[in-house]
Protein chains: 2
Amino acid sequence: MNVTEKPLRERAGKYFLELQTRICAALEETDGKVGFVTDEWSRPGGGGGVSKVLEDGSIFEKAGVNFSKVSGILPDRIAQRLETKPGDFFATGISLVLHPVSPMIPAVHANLRYFEMDGGNSWFGGGTDLTPYYHFSEDTIHFHSVLKAACDASDPSFYPRFKKWCDEYFFVRHRGETRGVGGIFFDYLRGEPEKHFSFVQSVGDAFLDAYLPVVRKRVRMEWGEKEKLWQLTRRGRYVEFNLVYDRGTTFGLETDGRVESILMSLPPVVHWRYDVRPEKGSREEELVLILKEPREWISG
Amino acid sequence: MNVTEKPLRERAGKYFLELQTRICAALEETDGKVGFVTDEWSRPGGGGGVSKVLEDGSIFEKAGVNFSKVSGILPDRIAQRLETKPGDFFATGISLVLHPVSPMIPAVHANLRYFEMDGGNSWFGGGTDLTPYYHFSEDTIHFHSVLKAACDASDPSFYPRFKKWCDEYFFVRHRGETRGVGGIFFDYLRGEPEKHFSFVQSVGDAFLDAYLPVVRKRVRMEWGEKEKLWQLTRRGRYVEFNLVYDRGTTFGLETDGRVESILMSLPPVVHWRYDVRPEKGSREEELVLILKEPREWISG
């Protein structure tokens, strides 16, 4: 395999763009009602992206899949946050968040990215995680199992490390809860770029297999106003995490990223009522208890 | 006037608690449909508060008025943020946010607070500001005029300084817009404690006069689904400001404040649709243009 025929930045960008196309095609087919609207944009400092959004679908209330490939000069304060030196930079990635209509289908987030600084300092980062509003253990186990297999293909140490990292990263500190039931999260994968690119592709290729079976299993389940209201309230936690803690979001906003593409991740409709507490012994309480204490979903 | 009969911290706390009662009574009378629910809470480290919430009213979709009086030992990292030294602290204040049902009635926020550190370092802070979703110049002028009069009674330099501070503080940087049409904002009013307490009382006493006439003027105006959707979308900016930039919110969340009381400020229902842009020449666009560039609403 002639992996050096093109620079890694080109191959990574090409992979992410193709992955966006592939994922959007599968989501459109699954939804069946409406398609993605494509919005191409360019960045004043260099590069640009393609934002794809589907709204008011039969299955997806809002689905955003964003590709970007940007470059330019990294300002000092951003360099500090990235633990690197100011200079020319290049970044490409795909980021998606899906908010289903049904409270029985979990929301999902995935992100894969490649970053390069002049001087050869480069790394991969990313991950994917599931946010159910009603919890079904078999869904969570399925999601984690597919991710574990994708990790194991590259390095058996990856899944346990990146699963733990995910639980720590998606922690809504002021609520004392994780955002969802996790998945994997990784960042600053430096050195061995070909191994890491191969790993990132495994994760990207596994995404639809990890998520779509869960959608298909839950899509015909019944739900009513009570369940919908619970979803809208829990979506508030999603917003709280993204705006208060998420590095991708705060970094994007601080560095004058494209606001609409960054905030595409926010749910379409959200409720904040005062002090909503689930009933003892309810399915709503079951979810909260699971989010209070991350657990291992698959045995070693 | 025997102003020294009781310590300032006692008098300030008493004033804020009475103001909460007075404001809630007036809001209940204005709304006419539902009353406030009272939630008393205590803080593990010392002190506590009274949160009052009205939901699903005829005029107010959500109204939260919070009183707190807390004390204890200030952790190092909070002392740093407050530009003071670690040690015993005392803080009391009132904070309110009103989210009306009608998109024609502006949302409003007010906060008054007194902070004291051992060693005699103490200060007042606060302000109030208006967030319309459809703009009526006469409402904004009325709101600012009442606040200017309240300021002028203490110091003619206050209104121009605190009006400007408000425009700067409530700036949603990533959107390039202010949250609303401003009002006044002030912090760290040190020295001359009696003068500042008197000023803070003027502002507290003026709040209902500044806001309720606007409610009464707009409450019978007609609106439809289009206007409601615009309000729900604009409320997203309110959330973005509060969770990303607001010091009261981020400080409260970081210092393990009472989450439900802090996040009482968030609107009851919020929309985030992709890239919503007002039509050229519309009333929606008029609002956005006003928020892009703060202006003087009353002549000196």
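The values are calculated or read from the model by the stated rules, or taken from the named source; none is laboratory data. What you see is a predicted model, and the numbers here were worked out from it, not measured in a lab. A quick note on method: Cβ atoms are made from the backbone with ideal geometry, for glycine too, and the neighbour counts reach across all protein chains shown.
In the set (1) under 30 Å from B:V269 (Cα atoms); (2) of a type outside the set (S, T, Y); (3) in contact with a Ser or Thr (Cβ under 7 Å, 6 or more places away or on another chain), the condition left unmet by B:F60 is number (3).
Take A:E240 and tell me if it is among the acidic types (D, E), out of contact with any strand residue (DSSP E or B) (no Cβ under 8 Å at 6 or more places or on another chain), buried (at least 18 other Cβ atoms within 10 Å of the Cβ) and closer than 21 Å to B:E260 by Cβ. Taking the combined requirement at face value, the residue does not satisfy it. Do we find a residue being of a type in the set (A, V, I, L, M), under 25 Å from B:P267 (Cβ atoms) and either away from chain A (no Cβ under 14 Å) or crowded, with 22+ Cβ neighbours inside 10 Å (or both) anywhere in the range B:125-138? Yes, because at least one residue in the range B:125-138 is of a type in the set (A, V, I, L, M), under 25 Å from B:P267 (Cβ atoms) and either away from chain A (no Cβ under 14 Å) or crowded, with 22+ Cβ neighbours inside 10 Å (or both).
When B:D118 is tested against (1) of a type outside the set (V, I, T); (2) out of contact with any helix residue (DSSP H, G or I) (no Cβ under 6 Å at 6 or more places or on another chain); (3) more than 18 Å from B:E293 (Cα to Cα); (4) surrounded by 17 or more Cβ atoms within 10 Å (Cβ to Cβ), only condition (4) is not met.
Taking the stated definitions as given, is A:R9 modelled with pLDDT under 95, basic (K, R) and either in a strand (DSSP E or B) or surrounded by 14 or more Cβ atoms within 10 Å (Cβ to Cβ) (or both)?
On the way: modelled with pLDDT under 95: yes; basic (K, R): yes; either in a strand (DSSP E or B) or surrounded by 14 or more Cβ atoms within 10 Å (Cβ to Cβ) (or both): yes.
Yes; evaluated as a whole, the condition is true for this residue.
Scanning the range B:149-170 for residues that are closer than 17 Å to B:R247 by Cα and touching a residue at least 60 places away in the same chain (Cβ under 8 Å), which turns out nearest to the other protein chains (Cβ to nearest Cβ)?
Restricting attention to the range B:149-170, the residues satisfying the condition of being closer than 17 Å to B:R247 by Cα are B:162, B:165-170.
Checking the rest, the ones that are also touching a residue at least 60 places away in the same chain (Cβ under 8 Å) come to B:167, B:170.
Numbers: B:D167: 20, B:F170: 16 Å.
Result: B:F170.
Residue count for the range A:268-287 satisfying the condition of being away from chain B (no Cβ under 14 Å) and out of contact with any helix residue (DSSP H, G or I) (no Cβ under 7 Å at 6 or more places or on another chain): 7. Screening B:R235 on (1) crowded, with 16+ Cβ neighbours inside 10 Å; (2) at pLDDT below 95 shows it passes everything except condition (2).
From the residues in the range B:288-297 that are loosely packed, with under 14 Cβ neighbours inside 10 Å and in a loop (DSSP other than H, G, I, E, B), which one is farthest from the other protein chains (Cβ to nearest Cβ)? Outline the logic, then answer.
To start, the set of residues in the range B:288-297 that are loosely packed, with under 14 Cβ neighbours inside 10 Å comprises B:289, B:292-293, B:295-296.
Subset that is in a loop (DSSP other than H, G, I, E, B): B:293, B:295-296.
On the way: B:E293: 18, B:R295: 24, B:E296: 28 Å.
Applying the filter and picking the extreme gives B:E296.
Restricting to the range A:259-287, what's the tally of residues that are under 20 Å from B:D39 (Cβ atoms), touching a strand residue (DSSP E or B) at 6+ places or on another chain (Cβ under 8 Å) and either in contact (Cβ under 8 Å) with a residue 12 or more places away in the chain or buried (at least 17 other Cβ atoms within 10 Å of the Cβ) (or both)?
Narrowing the range A:259-287 to residues under 20 Å from B:D39 (Cβ atoms): A:271-280.
Next, from what is left, pick out any that are touching a strand residue (DSSP E or B) at 6+ places or on another chain (Cβ under 8 Å): A:271-275.
From what is left, the residues that are either in contact (Cβ under 8 Å) with a residue 12 or more places away in the chain or buried (at least 17 other Cβ atoms within 10 Å of the Cβ) (or both) are A:271-274.
The qualifying residues number 4.
So which residues in the range A:60-80 are outside any strand (DSSP E or B) and surrounded by 14 or more Cβ atoms within 10 Å (Cβ to Cβ)? Correct list: A:P75, A:I78, A:A79. Consider B:V203 carefully, then state whether it is more than 14 Å from every other protein chain (Cβ to nearest Cβ) and closer than 17 Å to B:H99 by Cα. Taking the combined requirement at face value, the residue does not satisfy it. Restricted to the range A:222-267, the set of helices (runs of 4 or more DSSP H) holding at least 2 residues that are within 16 Å of the chain's Cα centre (by Cα), within 11 Å of chain B (Cβ to nearest Cβ) and farther than 16 Å from A:N111 by Cα comprises A:225-244. Contact map, the range B:137-148: first residue in contact (Cβ under 8 Å) with a residue 24 or more places away in the chain and within 12 Å of B:C166 (Cβ to Cβ), second residue among the charged types (D, E, K, R) and surrounded by fewer than 21 Cβ atoms within 10 Å (Cβ to Cβ), Cβ cut-off under 9 Å, separation 6 or more or different chains; pairs are B:H144/B:E296. Just one of B:E83, B:E138 is acidic (D, E) and more than 22 Å from the chain's Cα centre (by Cα); which is it? Selected residue: B:E83, the only one of B:E83, B:E138 that is acidic (D, E) and more than 22 Å from the chain's Cα centre (by Cα).
Looking at the range B:40-54 only, could you name the residues that are of a type in the set (A, V, I, L, M) and either assigned to a loop (DSSP other than H, G, I, E, B) or at the interface with chain A (Cβ under 10 Å from one of its Cβ atoms) (or both)? Walk me through it before giving the result.
The first filter runs over the range B:40-54 and keeps only residues of a type in the set (A, V, I, L, M), leaving B:50, B:53-54.
Within the range B:40-54, B:V53, B:L54 qualify.
All told, B:E28 meets the bar of being surrounded by 14 or more Cβ atoms within 10 Å (Cβ to Cβ), in contact with a Phe, Trp or Tyr (Cβ under 7 Å, 6 or more places away or on another chain) and either away from chain A (no Cβ under 14 Å) or of a type in the set (A, V, I, L, M) (or both). The combined condition, being closer than 24 Å to B:P213 by Cβ, out of contact with any helix residue (DSSP H, G or I) (no Cβ under 7 Å at 6 or more places or on another chain) and either among the hydroxyl-bearing types (S, T, Y) or assigned to a strand (DSSP E or B) (or both), is not fulfilled by B:T30. Taking the conditions exactly as written (in a loop (DSSP other than H, G, I, E, B) and either within 14 Å of chain A (Cβ to nearest Cβ) or among the charged types (D, E, K, R) (or both)), does B:G57 satisfy them or not? So B:G57 fits the description; yes. For the range B:166-221, the candidate set comprises residues that are over 13 Å from the mean Cα position of the chain (by Cα) and of a type in the set (K, R); within that set, the residue that is farthest from B:D31 (Cα to Cα) is B:R190.
Here is a check on your reading of the model: is A:K217 in a helix (DSSP H, G or I), modelled with pLDDT of 95 or more and farther than 30 Å from B:V259 by Cα? Yes, satisfied.
When the residues of the range A:18-56 are filtered to those that are among the aliphatic types (A, V, I, L, M) and free of Cβ contacts under 8 Å to residues at least 60 places away in the same chain, the one that is nearest to A:R258 (Cα to Cα) is A:V50.
From the list A:G281, A:G191, which one is closer than 28 Å to A:Y159 by Cβ, in a loop (DSSP other than H, G, I, E, B) and not charged (D, E, K, R)? Step through it out loud before you land on a result.
Working: A:G281 fails: closer than 28 Å to A:Y159 by Cβ.
Criteria check complete, one pass: A:G191.
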